[in-house]
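The values are calculated or read from the model by the stated rules, or taken from the named source; none is laboratory data. Everything numeric in this text was worked out from a predicted model, so none of it was measured. Accessible surface areas use protein heavy atoms only, side chains included; no ligands, DNA or RNA. Shrake-Rupley method; radii C 1.70, N 1.55, O 1.52, S 1.80 Å.
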Amino acid sequence: MAVDRAMMFVPLLAAVAYAAASDAASRRIPNYLTFSLALAGLGQGLSPWGVTTLGVSACGLMAGFGLTLVGYVLGGMKAGDVKLSAAVGAWVGPGAAVAVFAVAAVTGLAFVIGQGLWERRLGRLGRNAWVMVFNLAHVRRLGRAHVAEVGAQYGASATIPYAVFVLAGT
């Protein structure tokens, strides 16, 4: 029975692996992939053999979307990353979407710190991160437009393939 349940995740893993390869190669995740993955996640929620129910899939989609939306608004993520996280959430539900996000965040952070050390830019990275955190903490007083502008100004100069870290979390 456990093998049958695990087999339901094979399409998810294959699609996220494809997204990771695409993101690593071109820093783009195709819309057809994220939208079809999200629809399949919701669709498996309708199936009697699905790993979640439709309601849990919808909540997972919203959780995956909501967790990554702040990073997108601040300029730290691209829209494909948000759509991929939402699609993964549709497959696994809200609780597991939070876990996938946490693992992706920790592995991504380790990668960025390692890259900062390698390029000898760890001080600049830390300063930029604190500026973004301060602005996010004061978004009500400063306004969303100002926070988005600062995020674009102090954000990453080079993008990282977030889908690779989502694959690690999945």
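So, for the chain, what is the accessible surface per residue at a probe of 1.4 Å, expressed in square angstrom? Each step should come with its number before you reach the end.
Numbers: 9720 Å² over 170 residues.
Heavy-atom accessible area per residue stands at 57 Å².
Relative to the dominant Cα principal axis of the chain, helix 10-26 is inclined by about 30°. Rounded to whole numbers, the Karplus 3J(HN,Hα) couplings from phi for the range 131-139 are 4, 5, 5, 4, 5, 5, 5, 10, 4 Hz, using 6.51 cos²θ - 1.76 cosθ + 1.60 with θ = phi - 60°, and x at Gly and Pro.
Note: the chain, Cα convex hull, 112 Å³ per residue.
Phi angles of the range 59-71 translate, via the Karplus equation with coefficients 6.51, -1.76, 1.60 and θ = phi - 60°, into HN-Hα couplings of 5, x, 4, 5, 5, x, 5, x, 5, 9, 4, 4, x Hz per residue; Gly and Pro are given as x.
Take the chain, connect every pair of alpha-carbon atoms lying under 10 Å apart with a spring to form a Gaussian network, then pick out the residue of ILE160, ILE29, ILE113 with the largest mean-square fluctuation. Fluctuation is largest for ILE113. Rounded to the nearest 10 degrees, the inclination of helix 94-118 to the longest alpha-carbon principal axis of the chain is 40 degrees.
Can you tell me the alpha carbon radius of gyration of the range 25-93 divided by the globular rule-of-thumb value 2.2 N^0.38 Å? Spell out each step's value before the answer.
Numbers: Rg = 12.3 Å, N = 69, 2.2 N^0.38 = 11.0 Å.
For the range 25-93, the normalised Cα radius of gyration is 1.11.
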